[in-house]
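Enquirer: Here's a structure for you.
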């Protein structure tokens, strides 16, 4: 179940970029993504432990903060899905346009959550 929202307004505020806050946000706005979140968290934690390096966890948090930023805004999430579908259309020109649009959305999401552009 997702939280309802007035048109053009986020479903929820952007949560802090912590594992627990992102998990709670995903539970509210995209519960179907929870298994992927959990699996990827486990992988990042294992990689961090094996390499004695926090960068896998930092990348995980950045990725999911961007996901939440997009998904908490129904209009933006719908636009993102339309561009993803267009990228898979098989038409090279449409795929390039879609890749550019997806890159723009992701760059804006990175900036909005305080991350450098990809």
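Enquirer: Applying a 10 Å radius around every beta-carbon, put 66-79, 22-35 in order of their mean neighbour count, most first.
Expert: 66-79, 22-35
Enquirer: Any chance you could give the angle, 0 to 90 degrees and rounded to 10, that helix 19-29 forms with the longest Cα principal axis of the chain?
Expert: It works out to around 40 degrees.
Enquirer: Can I ask one more? Beyond 24 Å, what share of the Cα-Cα pairs of the chain is found? Please give it as a whole percent. Display every interim value, and only then the final one.
Expert: Details: 2240 of 6903 pairs.
When all Cα pairs of the chain are counted, 32 percent exceed 24 Å.
Enquirer: A further question on this structure: Rounding to the nearest 10 and keeping the result within 0 to 90°, find how far the Cα-based axis of helix 34-51 lies from the longest principal axis of the chain.
Expert: 50
Enquirer: Here is a further query. Label points 7 Å out from Cα along the Cβ direction at residue 34 and residue 57: separation in nm?
Expert: Going by the 7 Å Cα→Cβ label model, 2.3 nm.
Enquirer: Distance between the C-alpha centers of region 9-23 and region 30-67? Whole Å please.
Expert: 15
Enquirer: Take every Cα pair under 8 Å in the chain that's 6+ residues apart, average their separations, divide by the length, and report that relative contact order as a whole percent.
Expert: About 23 percent, as a whole number.
Enquirer: Please give the helix 55-71 orientation as an angle from the longest Cα principal axis of the chain, in degrees from 0 to 90, rounded to the nearest 10.
Expert: Helix 55-71 and the main axis of the chain meet at about 40 degrees.
Enquirer: Within region 73-101, whose backbone N sits under 19 Å from a point 7 Å along Cα→Cβ of residue 24?
Expert: The answer is 73.
Rule-based calculations on the coordinates, nothing more; no lab input. Here the structure is a predicted model, which is why all the values come from computation and not from measurement. Cβ: placed from backbone, ideal geometry, glycine included. Neighbour counts: every protein chain shown.
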